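Worksheet: one structure, shown below.
Read-outs throughout are calculated quantities, based only on the coordinates presented, and are distinct from any laboratory measurement. Note that the structure is predicted; figures quoted are calculated from it, not measured. Counting neighbours? That spans all protein chains shown, and the Cβs are built from the backbone with ideal geometry, glycine included.
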Amino acid sequence: MSRTPESYLLDIIRDSFLQAKALPDEGTSDQVRHHNRSRNWVDCLAKRFKSEFTDNDIRVFSKHDDCNRMEFGLNELLYDVVVCRLGYTHAAVHNKEIPYVKEAIWQVESEFANNTREIVIDFSKLIMGSASHKLFIAAASKNCDKILRALIPVANDCSGRIFIAFIPHPKNWKDHADSDLLLLKFTDGDWVNL
């Protein structure tokens with residue numbers, strides 16, 4: 001991969017949003033439909049990261065994608081989406097190769113609550129990981145500036161290159177276009193529009 005995150009990340013977010021938004025709504029209540037849209041969003045985001053990272057030693061993990069289950073015995077690794085490079089070691093007893101995460105490339109968390117506490121708690125998960133790139137996705141609202149300010153001390157304690165995207169809340173998808181997406185990078189202690 002020779003492209004920088006600044007050159008491909010907005011494409012990933014935009015494509016994922018449009019794909020998720022185009023899927024049929026399922027559910028008998030607004031709450032169920034919004035939950036399903038959130039799930040579709042994460043699924044589309046993981047698929048789009050897969051299309052960007054195609055090397056044989058790269059894996060993308062997410063909750064509802066079972067393509068890593070045979071090799072790892074699980075679908076997700078701690079975050080909504082994880083992009084990682086694999087290494088292999090030999091089993092202590094049997095002559096089998098065992099995969100392990102050699103390098104965390106992307107850790108992605110998505111939180112659509114408009115509650116600052118929930119946003120800070122989910123964003124804090126990114127601090128616990130070692131990925132070189134971290135993306136947090138939140139619901140766009142009139143409070144984006146306040147949320148960004150609240151996240152500055154948290155982002156200061158986070159390693160790696162940190163990005164935040166604001167997309168419309170799933171309940172508002174039918175009313176918004178992809179032009180309503182906002183992507184920022186944390187640089188020199190503040191958020192900068194990309």
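Would you list which lysines come within 16 Å of Lys21, measuring only between C-alpha atoms, while excluding same-chain residues fewer than 8 positions from it?
Excluding near neighbours in sequence, the set is Lys47, Lys171, Lys174.
May I ask you to compute the full-extension gain from Ala150 to Asp190, defined as 0.36 nm times their residue separation minus their alpha-carbon distance, rounded to one decimal in nm?
Details: separation 40, 0.36 × 40 = 14.40 nm, distance 1.10 nm.
Gain on stretching Ala150 to Asp190: 13.3 nm.
Check each of the trypsin sites (Lys or Arg not before Pro) in the stretch 82-117 and keep only those in coil by DSSP with at most 15 other C-beta atoms within 10 angstrom; list them in order. Intermediate results must be reported in sequence, preceding the final value.
Details: sites: Arg85, Lys96, Lys102, Arg117; in loops: Lys96.
Counting only loop positions with at most 15 other Cβ atoms within 10 Å, the trypsin sites (Lys or Arg not before Pro) in the stretch 82-117 are Lys96.
Restricting to the stretch 5-189, compute how many DSSP beta bridges are antiparallel as a %, nearest 5. Write out the running numbers ahead of the final one.
Values: 19 of 32 bridges.
Rounded to the nearest five, the antiparallel share is 60 percent.
Provide, for q = 0.09, 0.15, 0.17 Å⁻¹, the log10 of I(q)/I(0) from a solvent-free Debye sum over equal Cα point scatterers in the stretch 5-189.
Here the Debye-derived log intensity ratios amount to -0.34, -0.89, -1.12.
Go ahead and run the numbers for FRET between Ser130 and Ala22, Cβ-Cβ distance against an R0 of 30 Å, rounding to 0.05. Spell out each step's value before the answer.
Working: r = 35 Å, r/R0 = 1.15.
For Ser130 and Ala22, the calculated efficiency is 0.30.
Mind counting lysine pairs for me in the stretch 81-162? Cα separation below 26 Å, and the two need to be 8 or more apart along the chain or on different chains.
Details: Lys102/Lys125; Lys102/Lys134; Lys125/Lys134; Lys125/Lys142; Lys125/Lys146; Lys134/Lys142; Lys134/Lys146.
Counting lysine pairs in the stretch 81-162 gives 7.
Ser7 to Arg33: extension gain in nm, 0.36 nm per residue of separation minus the Cα-Cα distance? Don't skip to the answer; put the middle values down first.
Working: separation 26, 0.36 × 26 = 9.36 nm, distance 3.23 nm.
That pair, Ser7 and Arg33, stretches by 6.1 nm at full extension.
From Cα pairs below 8 angstrom and at least 6 apart in sequence, can you work out the relative contact order of the chain, rounded to a whole percent? Spell out each step's value before the answer.
Values: 313 pairs, mean separation 28.2, N = 194.
About 15 percent, as a whole number.
Evaluate the relative contact order of the stretch 144-194 (contact order divided by residue number), counting alpha-carbon pairs under 8 angstrom at least 6 apart; express in whole percent. All intermediate terms of the calculation are to be shown ahead of the outcome.
Numbers: 46 pairs, mean separation 18.3, N = 51.
After rounding, I find 36 percent.
How high is the FRET efficiency between Arg117 and Thr54 when r is their beta carbon distance and R₀ equals 41 Å, given to the nearest 0.05?
Numbers: r = 38 Å, r/R0 = 0.93.
It comes to 0.60.
Applying 1/(1 + (r/R0)^6) with R0 = 35 Å to the Cβ-Cβ distance of Asp175 and Arg85, what FRET efficiency is obtained, to the nearest 0.05? Numbers along the way, then the final one.
Values: r = 39 Å, r/R0 = 1.13.
Result of the calculation: an efficiency of 0.35.
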